[in-house]
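Okay, so here's the structure we're looking at.
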Amino acid sequence: MQTVFDKLPLYAGVLILLASMLGVSSLLFSDKESPFINLQIPERVAPGQPMRAVVGDKRPGLRSLFVSVSRPGAHPEVLILDLKGNDYEKTVQFCLQDDENAESQAVIRIEAVDKSLNNLFRGNTSIRVQPVYLDNLSPSAEFEIPASPLVRGGSAFIRFNASEDLGAAFLAAGPLAFPLYSIGPRRYQSLVTMPVDVEPSSFNLYLALADLVGNSARLSVPLQKEDKQFNEDSILLTSKFLQGKVKEFSGLVPGEKDVLTLFLRINNEERIKNYKEIQRLCQDTSTEPLWEGPFIHLPRSTRRSNFADQRRYMLNDVTVDRQIHLGLDYSSTPKAEIPAANHGRVIFAGYLGIHGNMVLIDHGHSLHSLYSHLSSFRVGVGETVRKGQIIGITGTSGIAVGEHLHFEILVNGISVNPDEWADPEWISKTALKGADPAASF
Ligand SMILES: [Zn+2]
């Protein structure tokens, strides 16, 4: 089969060939656009942290590519890339290794040349130079620890100054994690507790921290600890009390007919459920401390139970249940007015199982106060309250044998000894102004 070219004279074919060569050459000569270099390098990097550059040339493609990494005191590292295959775009990856003889300042230099015949056949060149700092130091912290020990069931503030800007940090002891709050440049505060059911010997508080490039450290918090013995107490249940609560409790455990079984299920399953719900609610907290001075307790009242009493529930001289009492019980005149223990914001006002009608107030920095067995509320959720403002009226809702106020203080959702927070001396030593970097213990 004949093509159109077969019919053309030879010179015409030569002319076409020359013209097409000139066309390509003129394209190569006319390309004055330099290769692009897109550097994705942060100001600081950790040893081994990958850095990337995307280098390419849309037309006519890359001819050569050099990447050099130089640090005073170390041999310069040069990467010469094999440009086989796709020479229109290349991704280069490199890193800085920890070298104790080398300085932390490094310079990345990238040189790319395209295939253009421009510049006397040398092509168009692009050069990018960027300094980078190798951060090979783990962050550290200078702690400020209270002079007095952390007592079992008690609270303590831990403060520290970090050696550099932090990317992440938390305080923890076993499965417990305590949030940190920023109180100044590189300065943090956390409110911690050693829960009543934790042996002081197994409560080992540590700070885990990471800097902005991911260097990390785990530091033991040098905290003094002290054990504490708690009282025993008996709660005398009566058939009359149990019968009187059937209507209120049967809604919580539907289908349970036996009165004692109903009570025991409420006092155990419901108690755990309620505690978990309170812990969940306590995650709602202000990043600013809202409280000021000592916390006030129910005025003109008599204390009926202490914090962490080891309680036995007795029915007809038989122990039917045991629980740890995680608050203080105060009885007063009937329908007594309950003041807010300190300034804060109401985060719950409603019915919650064993607590009956309950108010929960956030005081900021993971500190909360809780008021149970109310007969009525004087505040609603979201309301800001002042210390001493009436928030509700005492009653017998929930598991309350006789009218009283059950009062708790919680640190990060864990019940703590409220007596510390009512003690002006303890409070003054504990530092109130969380946001004041100059405040000290
Ligand atoms: Zn109580």
I'd like to know if segment 28-37 contains one or more residues that are at pLDDT 90 or above, assigned to a strand (DSSP E or B) and under 41 Å from the mean Cα position of the chain (by Cα). yes
Residues 364, 344, 327: which one is closer than 16 Å to residue 411 by Cα, within 14 Å of the ligand (Cβ to nearest atom) and modelled with pLDDT of 95 or more? 327
Would segment 373-392 turn up any residue that is without any contact (Cβ under 8 Å) to a residue 40 or more places away in the chain, among the small types (Gly, Ala, Ser) and in a strand (DSSP E or B)? yes
Specify which of the listed residues (315, 370) is within 16 Å of the ligand (Cβ to nearest atom), in the same structural domain as residue 239 (by TED's automatic domain parsing) and not small (Gly, Ala, Ser). 370
Total residues in segment 192-210, condition outside any loop (DSSP other than H, G, I, E, B) and either in contact with a Leu (Cβ under 6 Å, 6 or more places away or on another chain) or among the hydroxyl-bearing types (Ser, Thr, Tyr) (or both): 6
For segment 374-404: of the residues being of a type in the set (A, V, I, L, M) and under 18 Å from residue 363 (Cβ atoms), which is nearest to the chain's Cα centre (by Cα)? 381
Among the residues listed as 102, 169, 156, 112, the single one being among the small types (Gly, Ala, Ser), buried (at least 18 other Cβ atoms within 10 Å of the Cβ) and assigned to a loop (DSSP other than H, G, I, E, B): 102
Within segment 380-437, of all residues that are at pLDDT below 95 and of a type in the set (A, V, I, L, M), the one farthest from the ligand (Cβ to nearest atom) is 435
Pull out all pairs, ordered by first then second residue, where Cβ-Cβ is under 8 Å, the residues are six or more apart or on different chains, the first lies in segment 299-312 and is on the phi > 0 side of the Ramachandran plot and within 13 Å of the ligand (Cβ to nearest atom), and the second is assigned to a loop (DSSP other than H, G, I, E, B) and of a type in the set (Val, Ile, Thr). 308/196
Selection from segment 226-272 of residues that are loosely packed, with under 15 Cβ neighbours inside 10 Å, under 41 Å from the mean Cα position of the chain (by Cα), more than 17 Å from residue 322 (Cβ to Cβ) and at pLDDT 90 or above: 226, 227, 228
Just give me the residues in segment 345-359 being of a type outside the set (D, E, K, R) and closer than 11 Å to residue 285 by Cα, in sequence order. 346, 347
Is there a residue in segment 276-292 that is modelled with pLDDT under 95, more than 25 Å from residue 177 (Cβ to Cβ), assigned by TED's automatic domain parsing to the domain that holds residue 384 and more than 16 Å from the ligand (Cβ to nearest atom)? yes
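The values are calculated or read from the model by the stated rules, or taken from the named source; none is laboratory data. This is a predicted model, so every value here is computed, not measured. We place every Cβ from the backbone using ideal geometry, glycine too, and count neighbours over all the protein chains shown.
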